[in-house]
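Asker: Please see the structure below; I have some questions.
Here, each number is a calculation from the coordinates, and none is a lab measurement. Everything quoted here is computed from the prediction, not taken from an experiment. We place every Cβ from the backbone using ideal geometry, glycine too, and count neighbours over all the protein chains shown.
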Amino acid sequence: MELGGKAPIVVFDDVDVDEVVNGAAFACFIASGQTCVTGARLIAHESIFDQVVEKLVAKVRSIRLGNPIDDRTQMGTIISEPHLLRIHAMVERASQAGATVRCGGRRAPNLKGYFYEPTVITDVTPDMEIVQQEVFGPVVAAYSFKDEADAVRLANDSPFGLGAAVWTNNIKRAHRVANNLEAGIIWLNDHHRNDPSSPWGGVKDSGMGRENGLEAYRSYSQIKSVIAGFGNEKFDWFVDDTVRYG
């Protein structure tokens, strides 16, 4: 049973920032952010945080909204007007709580339909609703960490644990951090991509059990034991004998 998530994108300071920005935009805004593993929390090392945010905002502002049938369209609509209003209300509450909307934060003014501009929010604190609760829309909250332990702590500070991503060129650190993250699906220098043979599922409030892979096959199966008697000797449990097992 999968129950959604609040996937962190943890970015260390040894990365190619442009590559990370492209990956983060893909993580955050594919399907208008309406996926269970959307990269809703961008947690970058403090030494590159401003650079990452600046380039991400520039990237986001270039995203073309429109009819999904149009080949030029890069992002479509929200599923319904009630959900669009819910997304906007969460962004508004974040702003009122002291967060800064760096781009987006509104319904697209020149388009008919339920279009919401891709949104980047900074100056958030880990306890804010926009950080803790699933928006399920094109909204990412960005904040920084000091060191590896701080990154893991912030990433795990969530009631959800479905997906997470780690961006670093240090393979040992990548696996070390992945091992310490409380999530069922971890991407290293990537996001969203998944092999059908790879188990899919989460921990904490993100649900239980797994789809895909042998784990899912077993959960959809019933184990049965069949014991066949092929002995040559005739058997009578109640015969007058001192031997019962053997």
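Asker: Explain nothing, just the number: relative contact order of the chain, from Cα pairs under 8 Å at least 6 residues apart, as a whole percent.
Answerer: Here the relative contact order equals 24 percent.
Asker: If you put +1 on each Lys and Arg Cβ and -1 on each Asp and Glu Cβ, how big is the dipole of the chain around its Cα centre, in Debye rounded to 20?
Answerer: The dipole of the chain has a size of about 620 debye.
Asker: So who's got an amide H within less than 5 Å of the one on PHE145, skipping anything under 5 residues away but keeping other chains? H placed 1.01 Å off N, in plane.
Answerer: Residues meeting the criterion, in which the H sits 1.01 Å from N, are ALA44, HIS45, GLU46.
Asker: Where the only charges are on Cβ atoms (+1 Lys, Arg; -1 Asp, Glu), what is the dipole of segment 1-92 about its Cα centre, to the nearest 20 debye?
Answerer: Here segment 1-92 has a charge dipole of around 380 debye.
Asker: Under a plain spin-label model, where a point goes 7 Å from the Cα along Cα-to-Cβ, how far apart in nm are ALA228 and ASN67?
Answerer: 6.4 nm
Asker: Can you list the HN-Hα couplings for segment 36-45, worked out from phi with the Karplus curve (6.51, -1.76, 1.60; θ = phi - 60°), rounded to whole Hz and with x for Gly and Pro?
Answerer: So the J values, rounded to whole Hz, are 6, 10, 3, x, 7, 10, 9, 10, 10, 4.
Asker: Further question on the same structure: Using amide H atoms built 1.01 Å from N in the peptide plane, name the residues 5+ places from GLY39, or on other chains, whose amide H lies under 5 Å from its own.
Answerer: The answer is CYS28.
Asker: Among all the lysines, which ones have a C-alpha under 29 Å from LYS172's C-alpha, if same-chain residues fewer than 8 places away are not counted?
Answerer: Output for LYS172: LYS6, LYS55, LYS146, LYS204.
Asker: Which whole-Hz ³J(HN,Hα) couplings does segment 163-174 yield from phi under the Karplus relation 6.51 cos²θ - 1.76 cosθ + 1.60, θ = phi - 60°, glycine and proline marked x?
Answerer: The phi angles translate into x, 7, 10, 10, 10, 6, 9, 9, 5, 5, 5, 4 Hz.
Asker: Given R₀ = 45 Å, FRET efficiency for GLU211-VAL239 by Cβ-Cβ distance, to 0.05?
Answerer: 0.25
Asker: Based on DSSP loop calls and a cut-off of at most 12 other Cβ atoms within 10 Å, the longest stretch of the chain free of exposed chymotrypsin sites (Phe, Trp or Tyr not before Pro) is what?
Answerer: 1-219
Asker: A follow-up question, please. Give me a comma-separated list of calculated 3J(HN,Hα) values for segment 20-29, in order, Karplus coefficients 6.51, -1.76, 1.60 applied at θ = phi - 60°, integers in Hz, x for any Gly or Pro.
Answerer: Result, ordered by residue: 4, 4, 4, x, 5, 4, 5, 5, 8, 10 Hz.
Asker: Between ALA142, ALA24, ALA108, find the one with the highest GNM mean-square fluctuation for the chain; connect C-alpha pairs within less than 10 Å.
Answerer: Fluctuation is largest for ALA108.
Asker: Search the structure for amide H atoms under 5 Å from the amide H of TRP187, placed 1.01 Å from N in the peptide plane, and list their residues when 5 or more places away or on another chain.
Answerer: Correct list: ALA164, ALA165, VAL166.
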